[in-house]
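The values are calculated or read from the model by the stated rules, or taken from the named source; none is laboratory data. Note that this is a predicted model, so its numbers are computed, not measured. Glycine gets a Cβ as well: all are built from the backbone with ideal geometry, and neighbour counts include every protein chain shown. The area values use the complete protein model at the heavy-atom level, side chains included, leaving out ligands, DNA and RNA. Shrake-Rupley method; radii C 1.70, N 1.55, O 1.52, S 1.80 Å.
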Amino acid sequence: MSLATEKGRPGKPEPVRTGRPEPRRKTDFGTWFLVLPALIPILILSVGPLLYGVALAFTDSQSGRTDPTQWVGALNFRDLLHDTLFWDSFRIGLLWAVGVTVPQFLLAMGLALLLNQNLRFRWLARALAIVPWAMPEVVVGIMWRLVYNPDAGILNETIRNLGLGDGRDWLTGLATALPAVILVGIWAGMPQTTVALLAGLQNTPHELHEAAALDGAGAWRRFRAVTWPALKPIALSITALNFIWNFNSFALVYVLTNGGPGGRTRLPMLFAYEEAFRYGQFGYAAAMGCVMVAVISVLLALFLVGRLKGGDDK
């Protein structure tokens, strides 16, 4: 007799075992049916070309040749190891990505803090802040080419009117081309970072700021103790995504400088584009793409591992 029965309460009947295995749960085909419309375009437009590009990297595929494409193994990757032009473009790509991502985040943080204040015409300022984000990169590149124009550009005209000199050709100078392009990248990508940080600021409880202010904490101390801990996950995520997007940039730099002058702004994507569509070395360009995908995957994996460890620490 069970303890429940001894105390006057009816005991729970034990299940009858028949010796037959329980039937397996049927697969929910309805779920897969709903997922397929979103999964099929990803497989066709993303996964398929990626796998084809990886396979192409192990061949000697070229444009205009009549001989059949041959499997060359890792020959393209061995050639990449000794290609100083590619590694120079890789170094320029890292300089570009860091030079755009870091100032972009700092300026976006300041702008988000400003737009989070109770100011007049705040709605108008928020709308204007996202205008660069709404513009296509090609349009942004053409607009800034006009700004940097050496003869009639706004920048050089302002310098002449202020008596600071005759101006210069910003996009063709060896010393000014990369900084000029980085400035455009910061301007074009700052709105999306601002929007993400502003959303995080609006989700921070005001009671925490009020309690810290009552304790005598200043603005900087409130930012470190209240605002930054709440924004840190968003800041890390948007910074990692911005770095990946900036490293893979193509259209903006292509319109502004086309990789010049003298390769000073030739990003890895531009270098791979030239190898494929200017010189017809499809296999070699595909190997460059594989190297860039591998580097981005490693960086993304390190970021995810860091986030997981940070979550465990909490």
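For TYR273, tell me the accessible area in Å² from a 1.4 Å probe, rounded to the nearest 10.
80
Could you tell me which of THR84, VAL54, PRO191 has its Cα farthest along the dipole of the chain towards the positive end, charges placed at Cβ (Lys, Arg +1; Asp, Glu -1), taken about the Cα centre?
Checked the options; the winner is PRO191.
For the chain, what does -39500 (n - 2.57) per DSSP helix run (n ≥ 4), summed and divided by total residues, give at 222 nm, in deg cm²/dmol to the nearest 500?
Taken over the chain, the calculation gives -20500 deg cm²/dmol.
Along its principal axes, what span do the Cα atoms of region 28-73 show, with the longest given first and each in whole Å?
Reported extents, whole Å, longest axis first: 49, 21, 13.
For the chain, give the magnitude of the charge dipole about the Cα centre (Cβ charges: +1 Lys/Arg, -1 Asp/Glu; no others), in debye to the nearest 20.
It works out to roughly 1260 debye.
Please state, to two decimals, what the Cα-based radius of gyration of region 256-307 comes to when divided by 2.2 N^0.38 Å (N = residues).
Compared with the compact-globule rule of thumb, region 256-307 sits at 1.41.
Applying a 10 Å radius around every beta-carbon, put 189-202, 43-56 in order of their mean neighbour count, most first.
Top to bottom by mean Cβ count within 10 Å: 189-202, 43-56.
At 0.692 mPa s and 37 °C, plugging the Kirkwood radius over alpha-carbon pairs of the chain into Stokes-Einstein gives what diffusion coefficient in µm²/s?
134
Show TRP144, TRP123, TRP228, TRP96 ordered by accessible area, largest first, where the area counts protein heavy atoms only and the probe is 1.4 Å.
My answer, sorted largest first, is TRP123, TRP228, TRP144, TRP96.
For a quick check of understanding: with a 1.4 angstrom probe and all protein chains in place, what accessible area in square angstrom does MET109 have, to the nearest ten?
For MET109, the solvent-accessible surface is approximately 20 Å².
Taking Cα centroids, how far is region 130-175 from region 247-297 in Å?
If we compute the Cα centre of each part, the gap is 24 Å.
Using the Kirkwood radius built from alpha carbon pairs, what does the Stokes-Einstein equation give as D for region 69-200 at 37 °C and 0.692 mPa s, in µm² per second?
Translational diffusion coefficient: 184 µm²/s.
For region 193-314, I need the span (max minus min coordinate) of the C-alpha atoms along each principal axis, in Å, sorted largest to smallest.
So the three principal-axis extents are 67, 34, 20 Å.
Take the Cα atoms of region 146-253, find their three principal axes, and give me the spread along each one in whole Å, biggest first.
Principal-axis extents of region 146-253 (Cα, largest first): 57, 36, 20 Å.
Calculate the dipole size of region 196-266 relative to its Cα centre from +1 charges on Lys and Arg beta carbons and -1 charges on Asp and Glu beta carbons; express the result in debye to the nearest 20.
Its charge dipole is roughly 400 debye.
Can you pull a Stokes-Einstein diffusion coefficient for region 36-127 at 20 °C (1.002 mPa s), Rh from Kirkwood over Cα pairs, as a whole number of µm²/s?
The diffusion coefficient I find is 116 µm²/s.
Name the residue, out of PHE247, PHE223, PHE86, whose mean-square fluctuation peaks in a Gaussian network model built on the chain with Cα pairs under 10 Å.
So, out of PHE247, PHE223, PHE86, the one fluctuating most is PHE223.
With a 10 Å cut-off between alpha carbons and a GNM built on the chain, which of ARG222, ARG120, ARG168 moves the most?
Fluctuation is largest for ARG120.
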